[in-house]
1. Quick check on D63: is it charged (D, E, K, R), modelled with pLDDT of 95 or more, farther than 24 Å from Y160 by Cβ and in contact with a Leu (Cβ under 9 Å, 6 or more places away or on another chain)?
2. Can you go through T155, T144, T167 and tell me which one is under 14 Å from the mean Cα position of the chain (by Cα) and of a type in the set (S, T, N, Q)?
3. I'm trying to understand the selection: among the residues of region 136-160, which are modelled with pLDDT of 90 or more, open to solvent by 70 Å² or more (accessible area, probe 1.4 Å) and either within 16 Å of A101 (Cα to Cα) or not charged (D, E, K, R) (or both)?
4. Taking region 115-135, which residues are closer than 18 Å to P32 by Cα, open to solvent by less than 20 Å² (accessible area, probe 1.4 Å) and of a type in the set (A, V, I, L, M, F, W, C)?
5. Please go through region 36-65 and give me each residue that is touching a helix residue (DSSP H, G or I) at 6+ places or on another chain (Cβ under 7 Å) and either open to solvent by 20 Å² or more (accessible area, probe 1.4 Å) or of a type in the set (S, T, N, Q) (or both), ordered by number.
6. Does any residue in region 21-33 that is surrounded by fewer than 14 Cβ atoms within 10 Å (Cβ to Cβ) come within less than 8 Å, Cβ to Cβ, of a residue that is in a loop (DSSP other than H, G, I, E, B) and small (G, A, S) six or more places away or on a different chain, and which pairs are these?
7. Between residues in region 102-120 that are under 23 Å from R58 (Cα atoms) and residues that are open to solvent by 10 Å² or more (accessible area, probe 1.4 Å) and part of a helix (DSSP H, G or I), which pairs lie under 6 Å by C-beta distance while being six or more apart or on different chains?
8. Taking region 72-101, which residues are open to solvent by less than 70 Å² (accessible area, probe 1.4 Å), touching a residue at least 40 places away in the same chain (Cβ under 8 Å) and aliphatic (A, V, I, L, M)?
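The values are calculated or read from the model by the stated rules, or taken from the named source; none is laboratory data. These figures come from a predicted structure and were not determined experimentally. Neighbour counts run over all protein chains shown; Cβ positions are idealised from the backbone, glycine included. Heavy atoms of the whole protein, side chains included, go into the accessibility calculation; ligands, DNA and RNA do not. Shrake-Rupley method; radii C 1.70, N 1.55, O 1.52, S 1.80 Å.
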Amino acid sequence: MRIICRGTFAFNAAWAAAMKLEEALDGLAHEPGRGDVCVDLGAAPGGWTQRLVARGARVVAVDPAKLMPELARNPRVQHVQESAFAYAPEESADWLFCDMAWRPLEVAQLLAKWGRRRWARNLVANIKLPMKDKNPLLLRVRQTLVEDGGWEGLTVRQLYHDRDEVTVT
């Protein structure tokens, strides 16, 4: 029997999330970097936030759960401890990131709100898919992002580190 303590789980979850983000950013025309303002919806425990900070970005990490302690202390991280659905930014962001384990259409509607209100210029999001009827749902997610959110030039890919999800950029 293998016992994993909470700290190890947080580290492993953060590492896996970081690998997903790196793969999603690979091949984009431009990537977040020094001085960029990034919003990470559903940030805890902080895998994506950690990678963005390592690139020099300033990150607003939105999640009711706690971040890894070293991230919570980082001066380039502002942790907003509330629901991503309730959060409204004080300023526009260069990048919007989202890897929330939540219902796909509700996440798509949230991301569409960000696009419609021009709260962010670039998007990288993982959309979790149900076990059945993935394709019809995926079409509805894409339609919501494009038609309701105004996100242009979207790509939807299933990456190596994705399981029952797709990455939208």
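1. Judged against the criteria, D63 is a match.
2. It is T167.
3. Once the filter is applied, which keeps residues that are modelled with pLDDT of 90 or more, open to solvent by 70 Å² or more (accessible area, probe 1.4 Å) and either within 16 Å of A101 (Cα to Cα) or not charged (D, E, K, R) (or both), region 136-160 yields P136, L139, Q143, G153.
4. Scanning region 115-135 gives A120, L123, V124, A125.
5. Across region 36-65, the qualifying residues are P45, T49, Q50, R51.
6. Listed by first residue and then by second, the contacts come to G33/G56; G33/A57.
7. A112/T144; A112/D148
8. A84, A93, L96, M100, listed by residue number.
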